[in-house]
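To start, the structure under review is shown below, and the notes come after it.
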Amino acid sequence: MQDLKILYEDNHIIVVVKPAGIPVQQDKTSDLDMLTIIKAYLKEKYNKPGNVYLGLVHRLDRMVGGVMVFAKTSKAASRISEYIRQKNVKKRYLAIVNGKMDVTGDVVELKDYLVKNERLNMSRVVDKSVKGSKESILEYKVIKNFKYNNKEYSLVDIDLHTGRHHQIRVQFANISHPLYGDIKYGNKINKVGQNLALFSYYLSFFHPTKDEYLEFKFLPSQLEKKDKIWDVI
């Protein structure tokens with residue numbers, strides 16, 4: 001069975017670290033996915049007969065790693081989904097972007113309108129008058145600049161306010177700082193074979209059945225298998 005990094009588990013939820021490159025749920029590639037991995041773990045651990053219930057309440061893109069919560073009961077799934085709708089679930093990301101950004105300690109807001117091209121599976125920044133465009137907001141703070149293989153990069157901490165398709169990747173590419181390893185939105189500066197340097201390192205929410213606020217933090221530098229560029233943290 002696939003190795004599974006578990007940060008927390010009780011009767012209602014399980015919080016895990018999704019590795020980059022693994023889809024959250026089965027897609028057209030039929031590659032092993034997180035739902036299948038976790039269901040197999042639960043089936044084996046608790047000797048469950050038949051199908052195992054596991055609720056998917058939020059997502060991460062295939063190439064993005066990070067902290068995720070899954071619901072083990074329908075009650076937990078319903079309540080956490082409602083917390084997400086009410087914006088009471090907090091997620092933060094770390095990203096490494098190409099180029100040297102100003103380290104001021106200030107929080108900077110990016111507000112754009114994005115439209116998705118389904119055929120190309122890409123999004124782009126457009127004028128808000130464009131049909132189908134959606135307001136996309138994030139805030140970021142530059143943590144540090146550094147050099148890696150004689151190139152300039154910046155480490156940024158991101159607070160994502162809206163979860164649009166490829167939002168972080170598109171918005172940083174739009175300000176001429178595409179993410180390290182992003183061939184789709186930074187093909188003129190990145191190389192094939194690099195891993196996308198985007199990681200959801202922080203997740204917090206109210207427990208669905210207890211009067212308790214849960215916080216989880218896991219840095220990409222803690223991964224056993226990681227791109228060496230994350231050693232800057």
Cross-chain or 6+ apart pairs with Cβ under 7 Å, segment 71-91 first and in a helix (DSSP H, G or I), then surrounded by 14 or more Cβ atoms within 10 Å (Cβ to Cβ) and small (Gly, Ala, Ser): 74/55; 76/55; 77/55; 77/71; 80/71
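Tally time: how many residues in segment 44-63 are in a strand (DSSP E or B) and surrounded by fewer than 18 Cβ atoms within 10 Å (Cβ to Cβ)?
Start the filter on segment 44-63 by keeping residues that are in a strand (DSSP E or B), which leaves 55-56.
With the extra rule that they be surrounded by fewer than 18 Cβ atoms within 10 Å (Cβ to Cβ), the set shrinks to 56.
Final tally of qualifying residues: 1.
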Subset tally (residues that are exposed (fewer than 15 other Cβ atoms within 10 Å of the Cβ) and farther than 19 Å from residue 203 by Cβ) for segment 149-173: 4
Within segment 101-132, considering residues that are touching a residue at least 60 places away in the same chain (Cβ under 8 Å) and assigned to a strand (DSSP E or B), the one surrounded by the fewest Cβ atoms within 10 Å (Cβ to Cβ): 122
Residue within segment 29-43 that is surrounded by 18 or more Cβ atoms within 10 Å (Cβ to Cβ), acidic (Asp, Glu) and not assigned by TED's automatic domain parsing to the domain that holds residue 215 present: no
Residue in segment 2-33 that is farthest from residue 198 (Cα to Cα), counting only those that are in contact with a Pro (Cβ under 7 Å, 6 or more places away or on another chain) and among the acidic types (Asp, Glu): 31
Residues located in segment 89-100, provided they are within 20 Å of the chain's Cα centre (by Cα) and either surrounded by fewer than 18 Cβ atoms within 10 Å (Cβ to Cβ) or under 15 Å from residue 159 (Cβ atoms) (or both): 89, 90, 91, 92, 93, 94, 95
Every residue from segment 133-170 that is of a type outside the set (S, T, N, Q), more than 16 Å from the chain's Cα centre (by Cα) and either part of a loop (DSSP other than H, G, I, E, B) or farther than 16 Å from residue 99 by Cα (or both): 134, 135
Residues that are touching a strand residue (DSSP E or B) at 6+ places or on another chain (Cβ under 9 Å), of a type in the set (A, V, I, L, M, F, W, C) and farther than 16 Å from residue 176 by Cα, drawn from segment 119-137: 122, 130, 137
Residues of segment 24-43 satisfying the condition of being assigned to a loop (DSSP other than H, G, I, E, B), modelled with pLDDT of 95 or more and not hydrophobic (A, V, I, L, M, F, W, C): 33
Residue that is farthest from residue 70 (Cα to Cα), among those in segment 199-233 that are among the acidic types (Asp, Glu) and touching a Ser or Thr at 6+ places or on another chain (Cβ under 7 Å): 231
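The values are calculated or read from the model by the stated rules, or taken from the named source; none is laboratory data. The structure displayed is predicted, hence computed values, not measured ones. Here Cβ is always computed from backbone atoms with ideal geometry, including for glycine, and neighbour counts include all displayed protein chains.
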